[in-house]
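Report on the following structure.
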Amino acid sequence: MKFTKIAVAVVAVMLTFAVAASAAEQKVRWKLAMTWGPTLSPFTDAVEEMAALVEEMSNGNFVIRIDASNKHKAPFGVLDMVKLGQYDMAHSASYYWKGKDINLLPFTTMPFGMTAPEQYAWFYEGGGLELMQKAYEPFGVLSFPGGNTGNQMGGWFRKEIKSLDDLKGLKMRIPGFAGEVLAKLGLAVTNIAPGELYTSLERGTIDALEWVGPGMDIKMGFHKIAPYYYTGWHEPATELQFLVNKKNFEKLTPHNQAILKAAMKLASYDMYIKNYDMSADAWSKIETEYPNIKIMTFPEPVMDAMKKANDELLADYAKDKPLLKEVLDSQAAYLKKVRKWTEMSDYRYLKDNVK
């Protein structure tokens, strides 16, 4: 009997060690690279919230370390780093990779396209998420919505834009397809890492730039150099992306996969809410705290030229790129459907109630 008790005790101890070893084996330690610096709220907030949710929901067994661009030194290299497995994840924007693969461009936003609620509906109910995975497949990367800024402003300009002639020759930082549109109208377009924007504007490397909206822009100080602040047309629903190494994702347990996907989805929408509030708060202070800022709208002939250039470029790009055409056709078809409801609901409500 004594021997039996000892044996049982030994087995119990062995099982305890086995369970502990198994738990240790299940612990996951990932690394995430951001295109952004460490304090670029609310972009960084979305990443930090996602990582915190993953750790909490996994009881500390799934931890994601976040490296900002000042640590990994390659803000526009994060896609390649995830592809190569140097990082398990990244947080960036798909339109930064238009020079690498034009098929990735539409998943951030498109000029004159969907608003944020419309685009979220397209991603999750209209087949957009499946098309995004198809576009990222050649890179061995999965992509998920990573936070929306809503409708972005049209940019900060040193001088007033009164006609198309005022655009010609301007040096402007503007990414995505909007950069292609403005280049067609005679601007010298460039893309600059977020941490270098103010310095580039101050030194005259660029004459104008667009960033996000008042909630993020005012803190950057652009208005001190370029006081003409134009309303938006080019990024009506700027969605950032979480990029995930596909092989590493498939190594996760189904439980951890579900945790990661849920955390990304919640953190993404929270960023949209926070940025909306930040911009509303900043906008309410512009007249009193920043009287030098001149709120402008592009003249109708300029807007017409932008729309014409946009349509021509889209038609040209889609000619020999079947996947890009599939994505653009999907967005156009969904916009045609969803915009009818947007007009009936939000637009008519605002039209009837905003004085």
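Just so you know, in the stretch 221-277 the residues that are of a type in the set (D, E, K, R) and farther than 30 Å from GLU289 by Cα include one that is farthest from the chain's Cα centre (by Cα), and it is LYS251.
Checked against (1) crowded, with 20+ Cβ neighbours inside 10 Å; (2) at pLDDT below 95; (3) not hydroxyl-bearing (Ser, Thr, Tyr), GLY99 passes all but a single condition, namely (1).
Taking into account only those residues within the stretch 302-355 that are among the β-branched types (Val, Ile, Thr) and out of contact with any Gly (no Cβ under 9 Å at 6 or more places or on another chain), which is nearest to LYS134 (Cα to Cα)? Restricting to residues being among the β-branched types (Val, Ile, Thr) and out of contact with any Gly (no Cβ under 9 Å at 6 or more places or on another chain), the top hit is THR342.
Out of the residues in the stretch 49-76 meeting the condition of being of a type in the set (Asp, Glu) and surrounded by 14 or more Cβ atoms within 10 Å (Cβ to Cβ), tell me which one is farthest from ASN248 (Cα to Cα). Show your work before the answer.
Keep residues of the stretch 49-76 that are of a type in the set (Asp, Glu), which gives 49, 55-56, 67.
Okay, now just the ones that are also surrounded by 14 or more Cβ atoms within 10 Å (Cβ to Cβ), so 49, 55, 67.
Values: GLU49: 21, GLU55: 17, ASP67: 18 Å.
Restricting to residues being of a type in the set (Asp, Glu) and surrounded by 14 or more Cβ atoms within 10 Å (Cβ to Cβ), the top hit is GLU49.
Within the stretch 293-344, the set of residues being surrounded by 14 or more Cβ atoms within 10 Å (Cβ to Cβ) and among the polar types (S, T, N, Q) comprises ASN310, SER330, GLN331, THR342. Of THR4, THR108, all but one fail to be at pLDDT below 95 and among the hydroxyl-bearing types (Ser, Thr, Tyr); the exception is THR4. Which one of these is at pLDDT below 95, small (Gly, Ala, Ser), touching a Ser or Thr at 6+ places or on another chain (Cβ under 9 Å) and surrounded by fewer than 24 Cβ atoms within 10 Å (Cβ to Cβ): GLY195, GLY128? Only one candidate passes the filter, namely GLY195. In the stretch 194-211, the count of residues that are within 27 Å of SER143 (Cβ to Cβ) and in contact with an Asp or Glu (Cβ under 6 Å, 6 or more places away or on another chain) is one or more.
Name the single residue that is farthest from THR108 (Cα to Cα) among those in the stretch 34-45 being hydroxyl-bearing (Ser, Thr, Tyr) and either assigned to a loop (DSSP other than H, G, I, E, B) or without any contact (Cβ under 8 Å) to a residue 24 or more places away in the chain (or both). Talk me through it step by step, then tell me what you get.
At the first step, the residues of the stretch 34-45 found to be hydroxyl-bearing (Ser, Thr, Tyr) are 35, 39, 41, 44.
This time we only want the ones that are either assigned to a loop (DSSP other than H, G, I, E, B) or without any contact (Cβ under 8 Å) to a residue 24 or more places away in the chain (or both), so: 35, 39, 41.
Details: THR35: 14, THR39: 22, SER41: 18 Å.
Selected residue: THR39.
For the stretch 110-121, indicate whether the set of residues that are in contact (Cβ under 8 Å) with a residue 12 or more places away in the chain and within 19 Å of LEU32 (Cα to Cα) is non-empty. Checking the stretch 110-121: not a single residue is in contact (Cβ under 8 Å) with a residue 12 or more places away in the chain and within 19 Å of LEU32 (Cα to Cα).
Checking the condition under 26 Å from GLY221 (Cα atoms), in contact with a helix residue (DSSP H, G or I) (Cβ under 9 Å, 6 or more places away or on another chain), touching a residue at least 12 places away in the same chain (Cβ under 8 Å) and surrounded by fewer than 17 Cβ atoms within 10 Å (Cβ to Cβ), which residue from LYS159, LYS134 passes? Let's see the steps before the verdict.
On the way: LYS134 fails: under 26 Å from GLY221 (Cα atoms).
The unique qualifying residue is LYS159.
Contact annotation: residue pairs with Cβ atoms under 7 Å, 6 or more positions apart or on different chains, pairing a residue in the stretch 209-228 that is touching a residue at least 40 places away in the same chain (Cβ under 8 Å) and β-branched (Val, Ile, Thr) with a partner that is in a helix (DSSP H, G or I) and buried (at least 23 other Cβ atoms within 10 Å of the Cβ), are ILE225/LEU201.
The values are calculated or read from the model by the stated rules, or taken from the named source; none is laboratory data. Just so it is clear, the model here is predicted, and its values are computed rather than measured. Here the Cβ is made from the backbone with ideal geometry for all residues, glycine too, and neighbour counts use every protein chain on show.
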